[in-house]
1. Work out the FRET efficiency for residue 76 and residue 157 from their Cβ-Cβ distance, taking R0 = 45 Å, and round it to the nearest 0.05.
2. Looking only at region 60-76, which residues have a backbone nitrogen under 20 Å from a spot 7 Å from the Cα of residue 9 in the C-beta direction?
3. Pop out the Kirkwood hydrodynamic radius of the chain from its pairwise C-alpha distances, inverse of mean 1/r, in Å to one decimal.
4. Indicate the gyration tensor shape class of region 3-103 (rounded, prolate or oblate), computed on the Cα atoms with a ≥ b ≥ c the square roots of the eigenvalues: a/c under 1.5 is rounded; otherwise a/b larger than b/c is prolate and the rest oblate.
5. Nearest-5 percent of antiparallel DSSP beta bridges in the chain?
6. With unit charges on the beta carbon (Lys/Arg positive, Asp/Glu negative), name the residue among 107, 188, 210 whose Cα is farthest towards the positive pole of the charge dipole of the chain.
7. May I ask for the net charge around residue 162, where only other residues with Cβ less than 13 Å from the Cβ of residue 162 are counted and Lys, Arg are +1 while Asp, Glu are -1?
8. Calculated from DSSP H runs of 4 or more alone, at -39500 (n - 2.57) each and per residue, what is the 222 nm mean residue ellipticity of the chain, nearest 500?
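Computed from the coordinates by the stated procedures, all read-outs in this text should not be read as laboratory data. As the structure is a computational prediction, the values presented were derived from the model and not from experiment. Cβ: placed from backbone, ideal geometry, glycine included. Neighbour counts: every protein chain shown.
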Amino acid sequence: MKIADLITWFEAWANPAWCESWDNCGWQIEPGVLPEKARVLVCLTPTLAVMQEAIAENANLIFAHHPLIFNPLKSLRTGEAIAEMVRLAFTHNIGIYTAHTNFDQVQDGTADVLAQILELKEVTPIEPTQGGLGYGRVGSLEPFLTLQELLATIQTRLSPPNLIFSPTADLRQTISRVAVLGGSGASYISAVAKTGAQAYLTSDCKFHQFQESRDCNLILIDAGHYATERPACDRLVQKFQSLNLDWVQLSHKDEDFRQFLA
């Protein structure tokens, strides 16, 4: 399959027109690779380490969740990471394409994959957008779990380096309804509280957002940005493999950007 055909297939599933106004979905760098057979390296974040991996693997497309370019560039200068990414992309003929807030909304996108990992039932979006899609997912646990069992399940299945959760008097309390949203989901706390969820799995939560969650009688669970979004990248690789591409692989050089003392 040619890269042009792959992008056409993907955009029919996760339309870049759904991208939020502050976001940047779609082509970040397209150095003339559209007619080539797709050799795709999928990653969460396009970095220089991922670019070097793409070069080593003879890939011609880096397919990322996070955009390379968020804000309009005023200059490109030697020694800057984005400038070096652009230079290497054109030198080695490697395109960079991003699916961000459009990928968050769709079936088998970031939130949906989290819901599947926790085996939630009767799943609906936290904030609907169009056609039954939307941001985040909320659903039922069957069978119910204690909070301690839910935390252990998240730790086992997502392997976050650090799991933060709201203080609670009873880890044995029964949890029957859970909301999830991969990446930075603290702005949805009030919306989650209205869904009847008892616990909310997301990331990048600040001190006062844990306070807000407590005041909403909601257990906030922060597993980290990387751990909550990386599984959807793996799912995307599986989808691409079903298309019989020339080559596709999940990046081994993706980074969490954080390290915690044991």
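1. Calculated value: 0.65.
2. Within reach of a label on residue 9, which here means backbone N under 20 Å from a point 7 Å along Cα→Cβ, region 60-76 contributes 60-65.
3. Details: mean 1/r = 0.0519 Å⁻¹.
Over the chain, the inverse of the mean reciprocal pair distance is 19.3 Å.
4. Here region 3-103 falls in the oblate category.
5. 45
6. Working it through, the farthest residue towards the positive pole turns out to be 210.
7. Numbers: positive: 258; negative: 204, 222, 256.
Computed value for this residue: -2.
8. When only DSSP H runs of four or more count, the value is -10000 deg cm²/dmol.
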